[in-house]
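Since the structure comes first, as structure tokens, the remarks are kept for the end.
The values are calculated or read from the model by the stated rules, or taken from the named source; none is laboratory data. This is a predicted model, so every value here is computed, not measured. Here the Cβ positions follow ideal geometry from the backbone for every residue, glycine too, while neighbour counts run over all protein chains shown. When the accessible area is computed, the model is the full protein with side chains, heavy atoms only, and any ligands, DNA or RNA have been set aside. Shrake-Rupley method; radii C 1.70, N 1.55, O 1.52, S 1.80 Å.
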Amino acid sequence: MAKAMGATVWMVKGAYDRPSAGSFSGGGTGNVTRTTVIVVDPVHPGDQDLMPAAQLLREGRLVAFPTETVYGLGANALDPDAVCAIFQAKGRPSDNPLIVHVADRTGLGQIAADIPSLAWALIDRFMPGPLTLVLPRSSIVPDIVTAGLDTVAVRIPEHPVARRLIELSGVPLAGPSANRSGKPSPTTAAHVLEDMDGIIPMIVDGGQCDFGLESTVLDVTGSVPVILRPGAVSAEEIMSVVGPVLMIDPAQATAVLQGVTAASSLSDSVQDIAGETSQSGPPRSPGMKYRHYAPRTPVRISDGPDGQARSHQTRAMMLDALQDGLTVAVFCSTETAELIAESLPAGWLLADLDRAEGKPSTPPPPVSSAISEHSRRHVFLIAHGSRDQANTAANRLFAALRQLDACGADVIIAESAEATGIGAAYVNRLRKAAGGGAEPASR
Ligand code: TXA
Ligand code: MG
């Protein structure tokens with residue numbers, strides 16, 4: 001059921017795929033039984049359209065909202081009960097701290113106790129944008145937000161809807177990605193609805209997220225910045241502003257120094273930091289130890305030294321899996337998709353799921369339409385774009401994992417990419433999706 005209100009379209013839950021649905025018990029103050037999706041203009045959102053969401057946030061309720069990276073699940077960061085509701089809605093372990101979203105530098109100054117001089121050049125260059133800084137925590141930030149750490153992660157989103165929503169609500173927003181813990185982060189409102197329908201009162205639908213991968217998390221509390229999570233702002237971009245950085249690789253439990261040609265060019269203190277960070281002990285970012293981004297279907301990564309080698313490995317892995325009698329789903333470059341199309345054994349067909357994806361607010365096709373009784377003779381496939389463009393691979397990854405997961409295949413073969421620029425974040429998320437180097441999400 002949808003009712004028009006000026007430029008706003010209100011849709012009750014299920015309106016995406018069940019247009020006639022409409023009878024629900026009221027939300028009330030206890031268990032949420034109705035999720036409202038409100039569609040807004042992503043570039044020039046109207047205040048009238050955002051006011052109901054801002055009002056809910058002021059009342060301590062949860063609202064999912066778009067950012068340029070992924071959808072966030074927002075709550076008043078200064079209200080411990082509201083923040084507690086985030087952990088419950090996501091099923092998130094309480095030792096995994098949240099990012100606080102603020103509208104501007106004034107907000108940044110309220111959440112951080114201090115902004116180290118190193119951080120200012122990064123703030124000038126990348127904020128607003130997809131960079132999260134870990135800073136000393138101000139006393140106004142409740143313990144539950146930071147999981148008891150003495151630092152706080154802060155970000156100024158660039159997305160007009162996110163920024164205006166923060167301004168209108170008048171409070172900083174604690175906001176993890178709006179997925180159930182362990183599932184791929186949502187890049188459309190439809191993904192949020194899949195995970196949060198009936199759990200949260202409102203989703204603001206601002207279309208598809210630009211980057212499709214989460215922000216870069218950078219700890220600037222020490223003498224050398226440490227990339228705790230690679231993201232939409234690349235290590236190369238950060239180094240162009242602040243010089244060498246440390247990069248934590250949770251899958252391998254190592255710390256890698258970026259931007260130095262020889263270890264001898266490092267000062268002793270920097271070498272000490274590299275050594276310490278790679279030791280076992282409490283992780284600098286607790287979230288890194290959890291398995292993330294994983295679909296139910298097992299993910300296998302096809303890799304190789306260059307694009308052509310990766311294409312050939314993807315094809316070889318697909319053929320091996322078919323020979324083992326498995327139903328296969330593939331996420332790869334356009335070039336690899338062409339190679340696969342030429343190489344299918346007789347009687348096999350490609351089911352290209354691309355068409356349904358990539359449109360704002362479009363839900364994945366129902367499973368029943370993707371699987372026919374002949375499905376065992378199909379290879380399900382999503383091609384993200386040219387193998388030279390890691391940004392399209394990054395942009396499509398989470399949506400593709402959700403969509404391929406719905407095919408009921410036995411295995412997803414996902415093609416790797418060159419780990420430079422945003423490619424580093426893509427490879428990182430791919431490895432997490434394949435279960436590399438992390439504890440199960442339930443822990
Ligand atoms: O793009 C993004 O960052 C999205 C959008 C919604 O802003 N948010 C997001 O939040 O990805 P979340 O909660 O899914 O991931 C936050 C990451 C986690 O790995 C967490 O452990 C880390 O940031 N983190 C948060 N506070 C921290 C702190 N004080 N020190 C170190 N790591 C922290
Ligand atoms: Mg997340």
- Message: Just want to confirm a number: the relative contact order over the stretch 388-438, from Cα pairs under 8 angstrom separated by 6+ residues, in percent.
- Response: 37 percent
- Message: Using each residue's phi in the stretch 328-345, evaluate 6.51 cos²θ - 1.76 cosθ + 1.60 at θ = phi - 60° and report the 3J(HN,Hα) Karplus result to the nearest Hz, with x for Gly and Pro.
- Response: 10, 10, 10, 10, 7, 6, 4, 4, 5, 4, 5, 4, 5, 4, 6, 9, 5, x
- Provide the solvent-accessible area of Lys183, counting protein heavy atoms only and rolling a 1.4 Å probe, rounded to the nearest 10 Å². 60 Å²
- Query: From the phi of every residue in the stretch 190-197, what ³J(HN,Hα) in whole Hz does the Karplus formula 6.51 cos²θ - 1.76 cosθ + 1.60 yield, where θ is phi - 60° and glycine or proline is x?
  - Reply: 5, 5, 4, 4, 3, 8, 10, 4
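In what sequence, highest mean first, do 136-142, 347-353, 293-299 appear when ranked by Cβ atoms within 10 angstrom?
Values: 136-142: 16.3, 347-353: 14.7, 293-299: 19.3.
Highest mean packing first, the order is 293-299, 136-142, 347-353.
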- Once amide hydrogens are built 1.01 Å from N within the peptide plane, the residues lying 5 or more places from Thr35 or on another chain with amide H under 5 Å from its amide H are Lys13, Gly198
- Item | Residues whose placed amide H lies under 5 Å from that of Leu344, excluding near-sequence neighbours | none
- Query: Once amide H atoms are built 1.01 Å from N in the peptide plane, which residues 5 or more positions from Val233, or in another chain, come under 5 Å H to H?
  - Reply: Thr216
- Item | Span from the the stretch 312-330 Cα centroid across to the the stretch 131-201 one, whole angstrom | 38 Å
